[in-house]
Structure formats: C-alpha cells, structure tokens
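K.L.:
One structure follows; several queries about it will come next.
The values are calculated or read from the model by the stated rules, or taken from the named source; none is laboratory data. Because the structure is a prediction, the values reported are computed rather than measured. Cβ: placed from backbone, ideal geometry, glycine included. Neighbour counts: every protein chain shown.
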C-alpha cells in the first residue's frame, strides 16, 4: 500500500470511528485528506472499499500477531497466556479498527464481508486449537471449545468500549487479570 493510501486509511479510521460510517461523507474524507473527491477516487473506488481496507488490514495484522504468539514447542498454557497478551495489546493498539469491525462491518458487500469473516475465523481457529491442546493435556474442564474461545473474545474485544490506558488499570494489569480469569476455568 502506498504511503498516501495509508494516510487516507488513517484519516478514514478516525472519521468513521468518531462520526460513524454513515455520517462520514466522501466529501468529508476528501477534505480531511486534502484531496478532491476525484483524487480520493483515484486511490479507492468507494467509501465501502476504504472501510474494507481498514478492517481487512487490521485483521491481517491480527492473524499474524496471534500466529506469532503460538509456539508449537511451548506448552499450551504458556501459549494461551501469550495469545491473551497479544490479543489484548492488539485490541488496545487498534481500538478504533476493532470498534469499526464490531459496529460497521455490515456495511460491506457480501464478498467483502465473507473475506472479513474468514479472517476472523482464522483467528478463532488458532485460539481454539490452543485451547484444544489444553484439553488434550487434561487442563480444561469439559466446556465446549467454541464457547471458551468466544468467551475469551468477548472479554477482550469489547474492552475497547471501556478500557482506558490512563485509567486505574494498566495494560499489563488488564492482561494479567484477563489471563487469570480465563485460566480459572481450567
């Protein structure tokens, strides 16, 4: 992606996150990016394509990040701790993108939404497989694996609504408490 496209993406992320997708016009995007509308369309065919690019890029980074947190030589409990750390940091660092994913992904075309859902499924499978490894080692109570995986996502993903790095709870404490809470079920 070119530097200019990345700049447009950053501007659009802030505008969509702050104003909402529907309340952000193409004119608003172009003006904030110091482009004409035609100039904006040089880089992206539509506002929908910009939203898709934001979400797809964030999810690609997310899949790579979770994948890198998993070490097949480590025990699965260590990997789960690393995954939780990775996921929490990703949500905090990509707070606006996560909010857009949760609120605005229905604005995408069916094809684009399918790509986004497949990327989400990739992350789900990576985490579920680590929980499955815990189960094989006898470290997990007899819970449904999908339930456990979605519970972890629920705890972390919705933190973008309430977590503030300047609050009384630091990022490290959030990671530690989430890990402790999640591992209590084992």
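K.L.:
Just checking, which of 33, 58, 69 is at pLDDT 95 or above and surrounded by 14 or more Cβ atoms within 10 Å (Cβ to Cβ)?
P.N.:
Going through 33, 58, 69 in turn, the sole match is 33.
K.L.:
Could you list, ordered by first residue, the pairs with Cβ atoms under 9 Å in which the first is in the range 62-74 and in contact (Cβ under 8 Å) with a residue 24 or more places away in the chain and on the phi < 0 side of the Ramachandran plot and the second is outside any helix (DSSP H, G or I) and buried (at least 17 other Cβ atoms within 10 Å of the Cβ), at least 6 apart or interchain?
P.N.:
Sorted first by the residue in the range 62-74, then by its partner, the pairs are 62/94.
K.L.:
Which of the numbered conditions does residue 141 fail, given that it passes all the others? Conditions: (1) touching a helix residue (DSSP H, G or I) at 6+ places or on another chain (Cβ under 7 Å); (2) modelled with pLDDT under 90.
P.N.:
(1)
K.L.:
Please go through (1) out of contact with any helix residue (DSSP H, G or I) (no Cβ under 8 Å at 6 or more places or on another chain); (2) surrounded by fewer than 12 Cβ atoms within 10 Å (Cβ to Cβ); (3) more than 17 Å from residue 102 (Cβ to Cβ); (4) not assigned by TED's automatic domain parsing to the domain that holds residue 103 for residue 10 and return the number of the only condition it doesn't satisfy.
P.N.:
Only one criterion in (1) out of contact with any helix residue (DSSP H, G or I) (no Cβ under 8 Å at 6 or more places or on another chain); (2) surrounded by fewer than 12 Cβ atoms within 10 Å (Cβ to Cβ); (3) more than 17 Å from residue 102 (Cβ to Cβ); (4) not assigned by TED's automatic domain parsing to the domain that holds residue 103 is unmet by residue 10, namely (2).
K.L.:
How many residues does the range 21-30 hold that are surrounded by 13 or more Cβ atoms within 10 Å (Cβ to Cβ) and either at positive phi or over 18 Å from the mean Cα position of the chain (by Cα) (or both)?
P.N.:
Summing the residues that are surrounded by 13 or more Cβ atoms within 10 Å (Cβ to Cβ) and either at positive phi or over 18 Å from the mean Cα position of the chain (by Cα) (or both) in the range 21-30 gives 6.
K.L.:
When you check residue 145 against the structure, is it within 18 Å of residue 184 (Cα to Cα), outside the structural domain of residue 22 (by TED's automatic domain parsing) and crowded, with 19+ Cβ neighbours inside 10 Å, yes or no?
P.N.:
Details: within 18 Å of residue 184 (Cα to Cα): yes; outside the structural domain of residue 22 (by TED's automatic domain parsing): yes; crowded, with 19+ Cβ neighbours inside 10 Å: no.
The answer is no for residue 145.
K.L.:
Now for a separate question. Within the range 67-87, is there a residue that is in the same structural domain as residue 172 (by TED's automatic domain parsing) and over 22 Å from residue 152 (Cβ atoms)?
P.N.:
From the range 67-87, those in the same structural domain as residue 172 (by TED's automatic domain parsing) are 67-87; that's our starting set.
Subset that is over 22 Å from residue 152 (Cβ atoms): 73.
Checked the range 67-87: at least one residue is in the same structural domain as residue 172 (by TED's automatic domain parsing) and over 22 Å from residue 152 (Cβ atoms).
K.L.:
Taking the criterion of being over 12 Å from the mean Cα position of the chain (by Cα), buried (at least 16 other Cβ atoms within 10 Å of the Cβ), outside any helix (DSSP H, G or I) and at pLDDT 90 or above, would at least one residue in the range 91-111 satisfy it?
P.N.:
Yes - at least one qualifying residue is present in the range 91-111.
K.L.:
Right, something else. Is one or more of the residues making up the range 170-180 surrounded by 11 or more Cβ atoms within 10 Å (Cβ to Cβ), out of contact with any strand residue (DSSP E or B) (no Cβ under 8 Å at 6 or more places or on another chain) and more than 20 Å from residue 95 (Cα to Cα)?
P.N.:
Yes: one or more hits.
K.L.:
Does residue 17 satisfy the condition of being assigned by TED's automatic domain parsing to the domain that holds residue 110 and under 28 Å from residue 122 (Cα atoms)?
P.N.:
Judged against the criteria, residue 17 is not a match.
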